[in-house]
Amino acid sequence: MHAQLDKIHTFFAVVESGSFTRAADNLGLSKAMVSLHIKALEQALGVTLLARNTRNLALTESGSQLYQDFKAIFSDIDLAVGRVTDDSQPLSGELRITSTWEFGQRFLMAPIAHFCQRHPGLKLSYNVGASLDDLVSHKLDVAIRLGTLRDSSLKSRRLGQYRILLVASPRLIARYPLQCLREVAPLPWIHNSNLSQPGRWQLQHGEVRFELKSEASYSANSAQIMRQMALAGMGVAILPEWLIEEDLVSGELQILFPGWQLPLQPISAVFNAGPALPRKTRMFIDYLCSEL
């Protein structure tokens, strides 16, 4: 089977890029050679791995099984190679990262500057707000993401966590006097459209739990825009504590039912689950883990 590893590597590139053409570009091969690798691998295994037509391709059941099995194997290889790599050797090439504007400005700029100073041979490209799909299509190395991640074929590593708070402006609270948590649901709400279920949250008060369900009156894909909407009295919002600390001190936003706690949210480094994680990416993620 070891004779098929180069073809399995090509298979991974096709699956993760979503096309033969992009896989060929990423591997530095011709599209014809990529097709030959896939065909030879399917013949060697005696199964069809990819169902393809003129517009798109999809994994067959056998293809999905092969992908999942070798994803774990390649991950172990990455770890083994990383353990024996001399991290004192200079980094080179370009590191392409992405995060949200708000979090990047507040927490990432200083660590990024320090990391680049430690590795002057490394070039860095920072993209604001790129989607996880862009990790493959735009050849990005790592995305820093906040909150629970959607299901994905990408890998992730936990960097830290942060609190989120249920808040509203004093003028909204004056319009809708609240006696209990249940009365929050019918209010105007501002939802984060990045989330798969932005209107469903579990709150906890000691041992008591409450599921809060709401419908969006307004939505945005930026926490900063959500904050501005909340400050304008447009609706209730759930926002990161680090983003609204000054608003809470000034009283421009108030926490609703502060005895009830929302779950802590993860900060994750998301990266391509390919056959080999570049050393520059691994070292950058390790550095962020120590800093964040």
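The values are calculated or read from the model by the stated rules, or taken from the named source; none is laboratory data. None of the values given here were measured: they were computed from a predicted structure. Cβ coordinates were reconstructed from backbone atoms using ideal geometry, including for glycine residues, and neighbour counts include every protein chain displayed.
With the requirement that a residue be assigned to a loop (DSSP other than H, G, I, E, B) and either closer than 30 Å to I173 by Cα or in contact with a His (Cβ under 9 Å, 6 or more places away or on another chain) (or both), what does region 246-273 give you?
Looking only at region 246-273, we keep the residues that are assigned to a loop (DSSP other than H, G, I, E, B), and these are 251-253, 256-260, 262-264, 272-273.
Hits for region 246-273 are G251, E252, L253, L256, F257, P258, G259, W260, L262, P263, L264.
A quick yes/no check of all residues on (1) surrounded by fewer than 18 Cβ atoms within 10 Å (Cβ to Cβ); (2) in contact with a helix residue (DSSP H, G or I) (Cβ under 8 Å, 6 or more places away or on another chain); (3) outside the structural domain of F271 (by TED's automatic domain parsing):
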{"site": "I8", "(1), (2), (3)": "no, yes, yes"}
{"site": "M33", "(1), (2), (3)": "yes, yes, yes"}
{"site": "L36", "(1), (2), (3)": "yes, no, yes"}
{"site": "L45", "(1), (2), (3)": "yes, yes, yes"}
{"site": "N56", "(1), (2), (3)": "yes, no, yes"}
{"site": "S62", "(1), (2), (3)": "yes, yes, yes"}
{"site": "L66", "(1), (2), (3)": "no, yes, yes"}
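Sort out which residues of region 177-200 are under 28 Å from the mean Cα position of the chain (by Cα) and modelled with pLDDT under 95, and write them in order of number. Walk me through how you get there before you give the answer.
Initially, region 177-200 is screened for residues under 28 Å from the mean Cα position of the chain (by Cα), giving 189-200.
Result: N192, S193, N194, L195, S196, Q197, P198, G199, R200.
Give L243, L203, L239 a once-over and let me know the one that is of a type outside the set (D, E, K, R) and not in a strand (DSSP E or B). Write out each step before concluding.
Details: L203 fails: not in a strand (DSSP E or B); L239 fails: not in a strand (DSSP E or B).
Every option except L243 fails the conditions.
Residue-by-condition table, conditions (1) surrounded by fewer than 18 Cβ atoms within 10 Å (Cβ to Cβ); (2) within 25 Å of the chain's Cα centre (by Cα):
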site	(1), (2)
G233	yes, no
A237	no, yes
L243	no, yes
E246	yes, no
G251	yes, no
Q261	yes, yes
L264	yes, yes
F271	no, yes
L277	no, yes
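When you look at L187, is it assigned to a loop (DSSP other than H, G, I, E, B), surrounded by 14 or more Cβ atoms within 10 Å (Cβ to Cβ) and either out of contact with any Phe, Trp or Tyr (no Cβ under 8 Å at 6 or more places or on another chain) or not assigned by TED's automatic domain parsing to the domain that holds L253 (or both), yes or no? Full working, then the answer.
On the way: assigned to a loop (DSSP other than H, G, I, E, B): yes; surrounded by 14 or more Cβ atoms within 10 Å (Cβ to Cβ): yes; either out of contact with any Phe, Trp or Tyr (no Cβ under 8 Å at 6 or more places or on another chain) or not assigned by TED's automatic domain parsing to the domain that holds L253 (or both): no.
Spelling it out, it is not the case that L187 is assigned to a loop (DSSP other than H, G, I, E, B), surrounded by 14 or more Cβ atoms within 10 Å (Cβ to Cβ) and either out of contact with any Phe, Trp or Tyr (no Cβ under 8 Å at 6 or more places or on another chain) or not assigned by TED's automatic domain parsing to the domain that holds L253 (or both).
Among the residues of region 56-81 satisfying the criterion of being at pLDDT below 70 and within 22 Å of the chain's Cα centre (by Cα), which is farthest from I8 (Cα to Cα)?
Looking only at region 56-81, we keep the residues that are at pLDDT below 70, and these are 75-81.
Now narrow it down to the ones that are within 22 Å of the chain's Cα centre (by Cα): 75-76, 78-79.
Values: S75: 14, D76: 16, D78: 16, L79: 19 Å.
Step by step, filter region 56-81, then rank; the result is L79.
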